Structures are given as C-alpha cells and as structure tokens.
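Novice: Pasting a structure here, questions to come.
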Amino acid sequence: MGKNLSKEKRQVKVKEKIADNPFLSDEQLAKILKVSIQTIRLDRLEMGIPEMRKRIVRLAQAASSKVKALHKNEIIGDLIDIDLGKSGISTLRTTKEMSFGKDHLVRSHYIFSLADSLAMAIIDSDVVLTGVARLRYCHPVYAGQLLVAKARIATMKSNKYLVSVHIKSDHREVFTAKLIMVSLH
C-alpha cells in the first residue's frame, strides 16, 4: 500500500489513521501502510504530529480538566476523551506491582477501578457514587498489557445512570460492566 503511494497521499493516510486511533504507534502505522518505521517518523515530523505518548498526554490533559466528580489524581488510568453526560475513554498500562507475583495476572480490583472511575468521570455531577455493579471478567490480564476502557451512559432516570463499560486489551474484550451510578447533586 504505502510503497505505491506518493509521499503526499501517504501523509494523508498517516493523518487519517492517527485521527481514527491516536493510540497507533509508529511501528503499527508502518505495518498498516507497508513502509519503514523511519518513513513514518519522518512523515510525522514533517507534518508536526507528535509521537504516540505525547499525543495521549495531550488528550489526557484536555479530558481530565472537564471532570467534575473526581479530582485529576483520583482517576484510575489516563483519561483520554470525555463527553460529559455521554461517554469517555481511558487507558491503563498494567504493571508488575498490580499483579500476583506467581503468574503476573493483574488483580481484579485494578481493572474494576479503571471502569468505575471512568463511569464516575463521565457523569456531569459533583458527587457520584456506585450503586450497583454487574461485572464480567472475560479474559485474564497480565502485567504489561495496555487496557483501553470505553464507557457510555445507556440510560438516565432522575439521579440514576446506567453506565456500560467495556475494557479491551489488544482489541480483545477482557472486562465488561453495567454500573448503576447515583448522583447526589
């Protein structure tokens, strides 16, 4: 694909791919466009597009400033995108400290905390509590995996919100939750 494209067309593709998925690394972009990693880096630099980590940090800073229910340091993981009252996305890079020593399986409360704090963050209220949680752990998560959580408000009735959260790692769903969140204000 990429070797047959002109430089201009390839750069348009790079921009489109990053706009669709800001989590794409240079290596992944190179594989998708069938060019070298160095070509992707040069294209990014020429277009003024920062590398993946810097893109994610910018998204996280913008998103966390909108949250009402939690302080920035209370959010588990990195809040990447938020549409208050509707939906949000956050990520968590798991570590050895989050896992059991023997098999490096990530402890379940870290995964739940990522889902729960994202559900709280998307609700447009100063005080939010978790009322009921229905959880499903679909696949094991090991230290070092990147988790991507997506939450959306399914329904709202009075001060209660039904929030659906899906967490994936490498495009594979590892956890789902249906949470009833209660706003106290």
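The values are calculated or read from the model by the stated rules, or taken from the named source; none is laboratory data. As the structure is a prediction and not an experimental result, all values here were calculated from the model. Cβ sites come from the backbone with ideal geometry, for glycine too, and all protein chains shown count toward neighbours.
Novice: Can you work out which of the residues in segment 1-24 that are at pLDDT below 85 and within 19 Å of L146 (Cβ to Cβ) is surrounded by the fewest Cβ atoms within 10 Å (Cβ to Cβ)?
Specialist: Within segment 1-24, the subset at pLDDT below 85 is 1-5, 18-24.
Now narrow it down to the ones that are within 19 Å of L146 (Cβ to Cβ): 18, 20-24.
Working: I18: 18, D20: 8, N21: 12, P22: 17, F23: 15, L24: 18.
This residue is D20.
Novice: With I111, I167 as the choices, which residue is in a helix (DSSP H, G or I), surrounded by 20 or more Cβ atoms within 10 Å (Cβ to Cβ) and among the β-branched types (V, I, T)?
Specialist: Details: I167 fails: in a helix (DSSP H, G or I).
Answer to the check: I111.
Novice: Same structure, new question: Where residues in segment 114-142 are buried (at least 17 other Cβ atoms within 10 Å of the Cβ) and of a type in the set (G, A, S), which of them is modelled with the highest pLDDT?
Specialist: Ranking the qualifying residues of segment 114-142, first place goes to A115.
Novice: Taking the residues in segment 6-48 that are under 19 Å from the mean Cα position of the chain (by Cα) and not in a helix (DSSP H, G or I) as candidates, determine which candidate is farthest from S90 (Cα to Cα).
Specialist: S25
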